[in-house]
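The values are calculated or read from the model by the stated rules, or taken from the named source; none is laboratory data. The structure presented is a predicted model; accordingly, all values stated were derived computationally and were not measured. In this analysis, Cβ positions are derived from the backbone assuming ideal geometry, glycine residues included, and neighbour counts consider all displayed protein chains.
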Amino acid sequence: MKTKKMISSMLASMLIMVFCFTTSNVSAQAKCDSTKMKDCCMMKDGKMMCMKDGKATPMDKDMTMKNGTKCMTNGECIMKDGKKMQMKNGDCMNMNGKMDKCDNKMKHDDKTAKMYACPMHPDVTSKKAGKCSKCGMDMTEKK
(Lines give C-alpha, C1' and ligand atoms only; values in the text may rest on other atoms or scores of the structure.)
Protein backbone atom coordinates (compact mmCIF):
# COMPACT_ATOMS: atom_id res chain seq x y z
CA MET A 1 0.00 0.00 0.00
CA LYS A 2 2.83 2.41 0.90
CA THR A 3 4.53 1.63 -2.39
CA LYS A 4 1.41 2.48 -4.42
CA LYS A 5 1.01 5.79 -2.57
CA MET A 6 4.67 6.61 -3.06
CA ILE A 7 4.54 5.77 -6.80
CA SER A 8 1.34 7.75 -7.36
CA SER A 9 2.78 10.68 -5.39
CA MET A 10 5.99 10.63 -7.47
CA LEU A 11 3.98 10.35 -10.69
CA ALA A 12 1.80 13.31 -9.70
CA SER A 13 4.90 15.34 -8.81
CA MET A 14 6.51 14.54 -12.16
CA LEU A 15 3.37 15.54 -14.06
CA ILE A 16 3.21 18.84 -12.19
CA MET A 17 6.89 19.50 -12.97
CA VAL A 18 6.38 18.71 -16.68
CA PHE A 19 3.34 20.99 -16.80
CA CYS A 20 5.21 23.84 -15.09
CA PHE A 21 8.24 23.46 -17.37
CA THR A 22 6.07 23.39 -20.51
CA THR A 23 4.07 26.43 -19.42
CA SER A 24 7.14 28.49 -18.55
CA ASN A 25 8.87 27.50 -21.79
CA VAL A 26 5.89 28.60 -23.92
CA SER A 27 5.68 31.84 -21.93
CA ALA A 28 9.40 32.53 -22.48
CA GLN A 29 9.04 31.93 -26.23
CA ALA A 30 6.11 34.33 -26.44
CA LYS A 31 8.12 37.04 -24.66
CA CYS A 32 11.06 36.59 -27.05
CA ASP A 33 8.87 36.69 -30.16
CA SER A 34 7.05 39.85 -29.08
CA THR A 35 10.32 41.76 -28.60
CA LYS A 36 11.61 41.10 -32.14
CA MET A 37 9.66 43.82 -33.87
CA LYS A 38 7.76 46.67 -32.34
CA ASP A 39 4.57 48.05 -33.84
CA CYS A 40 5.23 51.37 -35.54
CA CYS A 41 4.86 53.37 -38.73
CA MET A 42 7.96 54.00 -40.81
CA MET A 43 9.26 55.50 -44.00
CA LYS A 44 10.66 52.80 -46.30
CA ASP A 45 11.84 53.60 -49.83
CA GLY A 46 9.77 56.80 -49.88
CA LYS A 47 6.57 55.05 -48.79
CA MET A 48 4.92 55.01 -45.40
CA MET A 49 4.63 51.51 -43.99
CA CYS A 50 2.78 50.23 -40.94
CA MET A 51 4.53 47.53 -38.88
CA LYS A 52 2.04 45.38 -36.95
CA ASP A 53 2.86 42.03 -35.33
CA GLY A 54 6.10 41.81 -37.31
CA LYS A 55 4.44 42.36 -40.71
CA ALA A 56 4.90 45.50 -42.77
CA THR A 57 2.03 46.74 -44.92
CA PRO A 58 1.58 49.99 -46.84
CA MET A 59 0.02 52.67 -44.65
CA ASP A 60 -3.39 53.41 -46.18
CA LYS A 61 -4.77 55.85 -43.58
CA ASP A 62 -3.49 58.43 -41.11
CA MET A 63 -2.60 57.09 -37.67
CA THR A 64 -2.86 58.70 -34.24
CA MET A 65 -0.33 57.46 -31.69
CA LYS A 66 -1.01 56.97 -27.97
CA ASN A 67 0.35 60.42 -27.04
CA GLY A 68 -1.70 62.23 -29.70
CA THR A 69 1.02 62.45 -32.38
CA LYS A 70 -0.49 62.03 -35.87
CA CYS A 71 1.33 60.37 -38.79
CA MET A 72 -0.06 60.97 -42.28
CA THR A 73 0.24 58.64 -45.26
CA ASN A 74 2.50 61.21 -46.98
CA GLY A 75 5.09 60.92 -44.17
CA GLU A 76 4.23 64.16 -42.42
CA CYS A 77 3.86 63.90 -38.65
CA ILE A 78 2.22 66.42 -36.34
CA MET A 79 3.69 66.00 -32.89
CA LYS A 80 1.54 66.32 -29.77
CA ASP A 81 2.90 69.86 -29.24
CA GLY A 82 1.76 70.89 -32.77
CA LYS A 83 5.26 70.79 -34.32
CA LYS A 84 5.28 69.39 -37.87
CA MET A 85 8.03 67.20 -39.27
CA GLN A 86 8.59 65.11 -42.39
CA MET A 87 9.77 61.52 -41.98
CA LYS A 88 12.78 60.39 -44.04
CA ASN A 89 13.84 56.90 -45.12
CA GLY A 90 14.63 54.82 -42.05
CA ASP A 91 12.63 57.04 -39.68
CA CYS A 92 10.21 55.24 -37.44
CA MET A 93 7.43 56.49 -35.16
CA ASN A 94 6.55 54.00 -32.42
CA MET A 95 3.01 53.70 -31.13
CA ASN A 96 3.87 55.87 -28.12
CA GLY A 97 4.69 58.76 -30.47
CA LYS A 98 8.49 58.64 -30.14
CA MET A 99 10.78 59.00 -33.17
CA ASP A 100 13.47 56.43 -33.78
CA LYS A 101 15.72 55.11 -36.53
CA CYS A 102 14.41 51.70 -37.47
CA ASP A 103 16.47 50.61 -40.47
CA ASN A 104 16.90 47.16 -38.89
CA LYS A 105 13.13 46.52 -38.63
CA MET A 106 12.73 46.06 -42.37
CA LYS A 107 16.10 44.67 -43.42
CA HIS A 108 15.09 41.05 -43.25
CA ASP A 109 11.58 41.32 -44.68
CA ASP A 110 11.39 38.39 -47.10
CA LYS A 111 9.56 40.41 -49.78
CA THR A 112 12.07 43.26 -49.86
CA ALA A 113 15.34 41.51 -48.95
CA LYS A 114 17.86 41.08 -51.75
CA MET A 115 19.26 37.61 -52.34
CA TYR A 116 22.51 36.80 -54.08
CA ALA A 117 23.54 33.52 -55.75
CA CYS A 118 26.56 32.14 -57.57
CA PRO A 119 26.07 31.92 -61.37
CA MET A 120 27.84 28.53 -61.39
CA HIS A 121 26.39 27.17 -58.12
CA PRO A 122 22.77 28.40 -57.71
CA ASP A 123 22.52 26.47 -54.44
CA VAL A 124 25.06 28.87 -52.86
CA THR A 125 23.01 31.90 -51.74
CA SER A 126 23.50 34.85 -49.42
CA LYS A 127 21.69 37.99 -48.26
CA LYS A 128 24.86 39.99 -48.97
CA ALA A 129 26.95 40.39 -52.12
CA GLY A 130 30.22 38.50 -51.93
CA LYS A 131 32.18 35.54 -53.28
CA CYS A 132 30.94 31.97 -53.82
CA SER A 133 32.23 29.62 -51.15
CA LYS A 134 32.76 26.84 -53.76
CA CYS A 135 34.44 28.61 -56.66
CA GLY A 136 35.17 32.19 -55.57
CA MET A 137 33.06 33.84 -58.30
CA ASP A 138 31.17 37.05 -57.51
CA MET A 139 27.62 36.35 -56.38
CA THR A 140 24.93 38.09 -58.44
CA GLU A 141 21.58 39.46 -57.30
CA LYS A 142 18.65 37.08 -57.82
CA LYS A 143 15.65 38.58 -59.60
Next item on the list: Run down 68, 97, 90 and say which single residue is more than 18 Å from the chain's Cα centre (by Cα) and at pLDDT below 90.
Entry: 97
Next item on the list: Would you please name the residue that is surrounded by the most Cβ atoms within 10 Å (Cβ to Cβ), looking only at residues in segment 82-100 that are under 13 Å from residue 70 (Cα atoms) and of a type in the set (S, T, N, Q)?
Entry: 94
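Please enumerate the residues belonging to segment 73-82 that are in a loop (DSSP other than H, G, I, E, B) and free of Cβ contacts under 8 Å to residues at least 24 places away in the same chain. First the steps, then the outcome.
First, pick out the residues of segment 73-82 that are in a loop (DSSP other than H, G, I, E, B): 73-75, 79-82.
Hits for segment 73-82 are 79, 80, 81, 82.
Can you pull out every residue in segment 67-96 that is among the small types (Gly, Ala, Ser) and under 21 Å from residue 54 (Cβ atoms)?
Of segment 67-96, the ones among the small types (Gly, Ala, Ser) are 68, 75, 82, 90.
Scanning segment 67-96 gives a single hit, 90.
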Next item on the list: Please determine, by comparing only the residues of segment 114-130 that are hydrophobic (A, V, I, L, M, F, W, C) and within 10 Å of residue 141 (Cα to Cα), which one is farthest from the chain's Cα centre (by Cα).
Entry: 118
Notebook entry, point to check: Between residues in segment 121-132 that are touching a residue at least 24 places away in the same chain (Cβ under 8 Å) and loosely packed, with under 11 Cβ neighbours inside 10 Å and residues that are in a loop (DSSP other than H, G, I, E, B) and hydroxyl-bearing (Ser, Thr, Tyr), which pairs lie under 8 Å by C-beta distance while being six or more apart or on different chains?
Noted result: none
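Of the residues in segment 37-76, how many are buried (at least 19 other Cβ atoms within 10 Å of the Cβ) and out of contact with any helix residue (DSSP H, G or I) (no Cβ under 9 Å at 6 or more places or on another chain)? Talk me through it step by step, then tell me what you get.
Within segment 37-76, the subset buried (at least 19 other Cβ atoms within 10 Å of the Cβ) is 37, 40-44, 48-49, 51, 56, 59, 65, 69, 71, 75.
Narrowing the set further to residues that are out of contact with any helix residue (DSSP H, G or I) (no Cβ under 9 Å at 6 or more places or on another chain) leaves 41, 43, 48, 59, 65, 69, 71, 75.
Qualifying residue count for the region: 8.
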